[in-house]
Amino acid sequence: SGVSTGYTLLPDGSVENANDVHMWSYFKIAEVGELELISATIDDSRRWVVAVAEYNDSAGGTWGVDETASSTGSSATGSTGTTATTTRADEVWVGFILNKDIDAQSAPTNGFTQRETLNSGSGGSGCRGALYDKIVAATGAAGTACTIAASRAWAGGIYTFYSLSIAPEQLRVQRAIQNRLSRVRRLPRSRLLPPAVVLIVPYPANTVPP
């Protein structure tokens, strides 16, 4: 069942790799100073991870979603997929890659930064996810890949965001991340700035999407 009020499932936001891994990606444009409690419900008790990234344009521009893409596979190289060419020069590109088991992800390609990595569980009953981003000043095809420590089933997504007044030096990023074995996890946020990209990633995949 759904996430907190105001969050929208992104295009390419529901990415499933058979019965191994399933990730959901949401976003919200929030008011400055808005207090927020992010929550989600999964239909059964599963191993899962949650990543939250906040990006703030200090000029206060209007935000929107540009291009998105997703990908799945089973190999030692995970990928977000690659978008069509973006329509605006100054954007923030945000990706997430989830792999079965807890094998580490490393070496993101195309100039992306691994902001956070986390895992839940152990061995074949666990999962690992990592959040990647890149702030750009030119249009292009967005996407990144990573090296996984062993060949695993994986799923990934890439999401590009623009602000009408954005410039790369104006962006700030704040991050929060958590993993739990639970039906419901509530992740308090003291201040949510526009936009927030929320990636809710349960494991395994045979659960009802929020």
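The values are calculated or read from the model by the stated rules, or taken from the named source; none is laboratory data. Since this is a predicted model, take the numbers as computed values, not measurements. Because the Cβ atoms are built from the backbone with ideal geometry, glycine has one as well, and the counts that use them run over all protein chains shown. Heavy atoms of the whole protein, side chains included, go into the accessibility calculation; ligands, DNA and RNA do not. Shrake-Rupley method; radii C 1.70, N 1.55, O 1.52, S 1.80 Å.
Quick notes
- Comparison of 62, 80 shows that the only residue that is farther than 24 Å from residue 20 by Cβ, of a type in the set (Ser, Thr, Tyr) and in contact (Cβ under 8 Å) with a residue 60 or more places away in the chain is 62.
- Restricting 65, 15, 49 to residues that are modelled with pLDDT of 85 or more, in a strand (DSSP E or B), under 18 Å from residue 159 (Cβ atoms) and touching a Cys at 6+ places or on another chain (Cβ under 8 Å) narrows the list to 49.
- Residues that are open to solvent by 70 Å² or more (accessible area, probe 1.4 Å) and β-branched (Val, Ile, Thr), drawn from the range 134-156: 139
- Residue within the range 85-103 that is at pLDDT 95 or above and open to solvent by 40 Å² or more (accessible area, probe 1.4 Å) present: yes
- Against the list (1) closer than 18 Å to residue 9 by Cα; (2) at pLDDT below 95; (3) part of a strand (DSSP E or B), the condition residue 30 fails is (3).
- Annotation: residue 177 fulfils all but one of (1) modelled with pLDDT under 85; (2) surrounded by fewer than 21 Cβ atoms within 10 Å (Cβ to Cβ); (3) not in a strand (DSSP E or B); the unmet one is (3).
- Summed over the range 114-133, residues that are under 23 Å from residue 24 (Cβ atoms), touching an Asp or Glu at 6+ places or on another chain (Cβ under 8 Å) and open to solvent by less than 60 Å² (accessible area, probe 1.4 Å) total 6.
- Here the range 1-33 is the region considered, the condition is being of a type in the set (Asp, Glu) and in contact with a Ser or Thr (Cβ under 9 Å, 6 or more places away or on another chain), and the residue that is least open to solvent (accessible area, probe 1.4 Å) is 20.
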